[in-house]
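Contents: one structure, followed by commentary.
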Amino acid sequence: MKNAYLHFRLRLARHALLHFAASLKSSLEYILLGFGPVLIGLIAVIALPGLFAAGQPWPQALSLFAGQTLLGALPVWLLRKRLHPAAVMLWSRPLPISPRSKWQADAAVAGLIVGPLSLVYALSTAIWFFQWPDWLRPIAAQALLLTVVSLLLVWLLSALILRHRNRMPAARKPGRSRPAPTQYIAQRGGMARYWYQLFWLPFWRAENVIGIQQTLLLAGALLSIGVWMAHPPVVPPALWGSCAALMTMLLTDRGDKAVTEQIALLRPVAAGWPLRTESLYRLAMLATLLPGMAVLGWFGVLTLGRNAGGYSHTVATVWLCVAAVAQLAVVALRKLSVRGRVGLVISAILILTAIGSELWN
């Protein structure tokens, strides 16, 4: 039973990862085609926090080390429902599987994610050791040790995440029974309330990860622009400009795709509702622009809203205008083919990257 359960969990996890990769095919095309020229720079950044932490005072070093570890375990946390679905957990709980076997299976499944991540860490570390910057030379041994320890902690934390999902839920005390409703009272709130119930809430429920996906893309875009404007000397600013362009465009594209799929699900169901569904759908389409516009607003505040030197206000204005037009085009040109949409997003990323590379020149 031990080996059978381990093999079952590994096969289940591989199937889930393949299915997840297939669902992200178009996003991967954006990243590989639009971000290919700076892909090596992105890989180098992955191991940078652990290497850089070795030469910092302990509060900053601990923050960098903890942040890198949590970021490494993030994929397992995001994919935990795919790696171990709820239906499989309910099916396997009555089986005579020992806690040790479950822990070994969780650790092995976590290794499926951490294994490829280790290769990326090794490549990133090799890039920095090949470059051999002055700040790395006196702390090379400590930096390498911190990177290895960070990977081990990522594996342990990932296994604990799966272990926590697999545990038996505690029994809950039954709550007070609610009285049966006697009268239906229509709730007011207009289209905004229907949008909240039909488009916002479903993206956060059950196995849907759209809400988390959009939150991470929004946070990544805001962080990339913040670091881009901070202009740190370790990483070229053009790399952060490329990250900002990529995540901003993906933020709107993935959000518009999710809304389009939700509209397709609602059309046959909501056809007989006493509701102006087309107005609701238009509102949902326009709402996909809000996260991207928030990112552009953040960029405008950091560039045009202050009198800091070192960068071109003209380039910042052009970047902002092109980004706004690209955001509108993604939502407005929804009848494009899949390849046409990929071409639109990639072109916007390349143009924004080219403009952003001149910001600090």
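The values are calculated or read from the model by the stated rules, or taken from the named source; none is laboratory data. It should be emphasised that the depicted structure is a prediction, and the values quoted were computed from it without experimental measurement. A quick note on method: Cβ atoms are made from the backbone with ideal geometry, for glycine too, and the neighbour counts reach across all protein chains shown. In case anyone asks, the SASA skips ligands and DNA or RNA and just uses the protein heavy atoms, side chains included. Shrake-Rupley method; radii C 1.70, N 1.55, O 1.52, S 1.80 Å.
Within the stretch 282-310, if we keep just the residues that are open to solvent by 20 Å² or more (accessible area, probe 1.4 Å) and part of a loop (DSSP other than H, G, I, E, B), the residue that is nearest to Ala332 (Cα to Cα) turns out to be Leu304.
Working only within the stretch 69-84, note down all residues that are within 12 Å of Leu117 (Cα to Cα) and open to solvent by less than 10 Å² (accessible area, probe 1.4 Å). Working first, answer last.
Here is the first cut: in the stretch 69-84, the residues within 12 Å of Leu117 (Cα to Cα) are 69, 71-76.
Gly72, Ala73, Val76, listed by residue number.
Identify the residue in the stretch 201-258 that is of a type in the set (Val, Ile, Thr) and open to solvent by 30 Å² or more (accessible area, probe 1.4 Å) and, among all such residues, is farthest from Leu344 (Cα to Cα). Ranking the qualifying residues of the stretch 201-258, first place goes to Val234. Give just the number: which of (1) buried (at least 18 other Cβ atoms within 10 Å of the Cβ); (2) under 30 Å from Leu239 (Cα atoms) does Ala107 not satisfy? Of (1) buried (at least 18 other Cβ atoms within 10 Å of the Cβ); (2) under 30 Å from Leu239 (Cα atoms), only one is false for Ala107: (2).
Please tell me if Trp155 is at pLDDT 90 or above and either of a type in the set (Phe, Trp, Tyr) or farther than 29 Å from Ile212 by Cα (or both). I'd like the intermediate steps shown before the answer.
Numbers: at pLDDT 90 or above: yes; either of a type in the set (Phe, Trp, Tyr) or farther than 29 Å from Ile212 by Cα (or both): yes.
Spelling it out, Trp155 is indeed at pLDDT 90 or above and either of a type in the set (Phe, Trp, Tyr) or farther than 29 Å from Ile212 by Cα (or both).
Counting the residues of the stretch 321-361 that are within 28 Å of Pro232 (Cα to Cα) and open to solvent by 40 Å² or more (accessible area, probe 1.4 Å) gives 10.
The number of residues in the stretch 259-281 being open to solvent by 10 Å² or more (accessible area, probe 1.4 Å) and farther than 23 Å from Val209 by Cα comes to 10. So in the stretch 222-262, with the set limited to residues that are part of a loop (DSSP other than H, G, I, E, B) and either among the small types (Gly, Ala, Ser) or at negative phi (or both), which one is modelled with the lowest pLDDT? Of everything passing the filter in the stretch 222-262, Val234 is modelled with the lowest pLDDT.
In the stretch 274-289, the residues that are under 15 Å from Ala264 (Cβ atoms) form Cβ pairs under 9 Å with partners that are outside any helix (DSSP H, G or I), at six or more places apart or across chains, as follows: Thr277/Ala271; Met285/Arg334.
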